[in-house]
Amino acid sequence: MQSHHVIKKPLHTEKSVTDIRANNRYHFEVDLRATKNDIRRAVEQLFPGVKVVSVKTQQIGGKQRRTGWVRGHTRDWKKALVTLRAGDTINIGY
């Protein structure tokens, strides 16, 4: 899998911004099939000069939604928490 297919987008939440400032840990939405090694390689290739210390992943199940009589389901997705070496940063726009 290519690097730009592994990482879909950075997550911008209040918790992720706090985690960046406190622990140098970045949150990304990643492909469901991506492994921790795939995520590590993708971050180091997409952001040169950055060294990944650890990767933690979570699979988030979709939720049931209803609009009137129509029942639906939001999609499943995967979150990656990537901790970088002290002093390394990624400029993702915030």
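Give the residues of segment 24-61 whose amide nitrogen is closer than 12 Å to a point set 7 Å from the Cα of Lys9 in the direction of its Cβ.
Residues 29-30 fall inside that zone.
What label, among (1) 13.8; (2) 14.2; (3) 16.5, belongs to Kirkwood radius over Cα pairs in Å computed from the structure on display?
So the calculated entry is the one marked (2).
To the nearest 10 degrees, how steep is helix 36-46 against the longest Cα principal axis of the chain, on a 0 to 90 scale?
60 degrees
Per DSSP H run of at least 4 residues, take -39500 (n - 2.57); add these up for the chain, divide by its residues and hand me the 222 nm value, nearest 500 deg cm²/dmol.
Values: 3 runs with 25 residues, N = 94.
Helix contribution divided over all residues of the chain: -7500 deg cm²/dmol.
For Ile60, enumerate residues with amide H under 5 Å from its amide H, sequence gap 5+ or separate chain, H modeled in the peptide plane.
Trp77, Lys78, Lys79
Of Glu44, Glu14, Glu29, which is the most mobile in a GNM of the chain whose springs link Cα atoms less than 10 angstrom apart?
Of Glu44, Glu14, Glu29, the most mobile in the Gaussian network model is Glu14.
Of Leu32, Leu46, Leu11, how do they rank once you tally other Cβ atoms within 10 Å and put the fewest first?
Working: Leu32 10, Leu46 13, Leu11 17.
Arranged by neighbour count, lowest to highest, Leu32, Leu46, Leu11 become Leu32, Leu46, Leu11.
Based on the mean of other Cβ atoms within 10 Å per residue, sort peptides 79-85, 19-25 so the most packed one is first.
79-85, 19-25
Values in this text are rule-based calculations from the coordinates and carry no lab data. Predicted model only: the values in this text are computed from it and were never measured. Here Cβ is always computed from backbone atoms with ideal geometry, including for glycine, and neighbour counts include all displayed protein chains.
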